[in-house]
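The values are calculated or read from the model by the stated rules, or taken from the named source; none is laboratory data. In this text, all values refer to a predicted model and were calculated from it rather than measured experimentally. Cβ placement follows ideal geometry from the backbone for every residue including glycine, while neighbour counts extend to all protein chains displayed.
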Amino acid sequence: MGEENETQAGVRILTGLRGVGMADQLGQQTVEFSALVSRAAEESFASLKELVEKSKSGDQSDSEKKIGLLKYIVKTQQRMLRLNVLAKWCQQGLQQARAPIYDVPSALEVLLTGSYERLPKCIEDVGIHSTLTEHQQKPALKKLDTLVRSKLLEVSLPKELSEVKVSDGTALLRVNGEFKVLVTLGYRGHLTMWRILHLELLVGERSGPVKLEELRRHVLGDDLERRMAAADHPFITLYSVLHELCVALVMDTVIRQDTGAFMSEERPVSTRIVPKYSYAFGIARL
């Protein structure tokens, strides 16, 4: 009778866990898992004790004793297998029903400081920035002017710069015959790093300076900003890159002019020699 009650209880629990609406099956049709394990252990021990007493009585032959022991082993094994399956299903149900792990440290940081420092920096690039009124712009530009001037005093400027002018929160850097750049502070939201607002090359032919396409100018500006942010002397890096670019463009212009003049001479085509040239200024291909 005890074994029958255990089986019925196990069937009730298994039926309740198998159904999709498991919560609807909970209640009087289930028992505690610990009680089921205790009952199975007690029944197994009682069956083993009964088997030992029968073996001692001497009423059974050796074959009957072996058959009885084999039946006990099979029943106990089946009982433990059912408990093992039931335990795994209960574990899965508990994992699905457990409460989520709340990010308490982040919540406390937001509540106490009003901000969250672990947000990725790329959010600043797509964030909505409010526009200052005309009354607010003047003191803001004045403060930015002061920051730009003080920051320029802290860094090393190339001696080749022919003009450095600060106005409206920006700094104009110019090298005659090569380039001029308009910069300010605030690269990726950091007031310690430089951001390029405008870039213009001053090298070219008599018809006018070289004009970079808008996309290539943006690519060059982004590359310069990254280099400057990682450099100890940002304006030395800025000058080195742009100076090499200007030299490469001048070389390209001179060689093209020389090649055109050489090809225009009155001589048979077979006797014309086109000079070969190459240079290692990869950035000039922009």
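Numbers below:
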{"item": "Check on E225, part of a helix (DSSP H, G or I), in contact with a Phe, Trp or Tyr (Cβ under 6 Å, 6 or more places away or on another chain), under 30 Å from L141 (Cα atoms) and of a type in the set (D, E)", "result": "yes"}
{"item": "Scope segment 16-69; condition surrounded by 13 or more Cβ atoms within 10 Å (Cβ to Cβ), part of a helix (DSSP H, G or I) and at pLDDT below 80; matching residues", "result": "G16, L17, M22, Q25, F33"}
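A quick yes/no check of all residues on (1) free of Cβ contacts under 8 Å to residues at least 40 places away in the same chain; (2) surrounded by fewer than 16 Cβ atoms within 10 Å (Cβ to Cβ):
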site	(1), (2)
H190	yes, yes
R195	yes, no
E205	no, yes
L220	no, no
A231	yes, yes
Y239	no, no
L245	no, no
A248	yes, no
I255	yes, yes
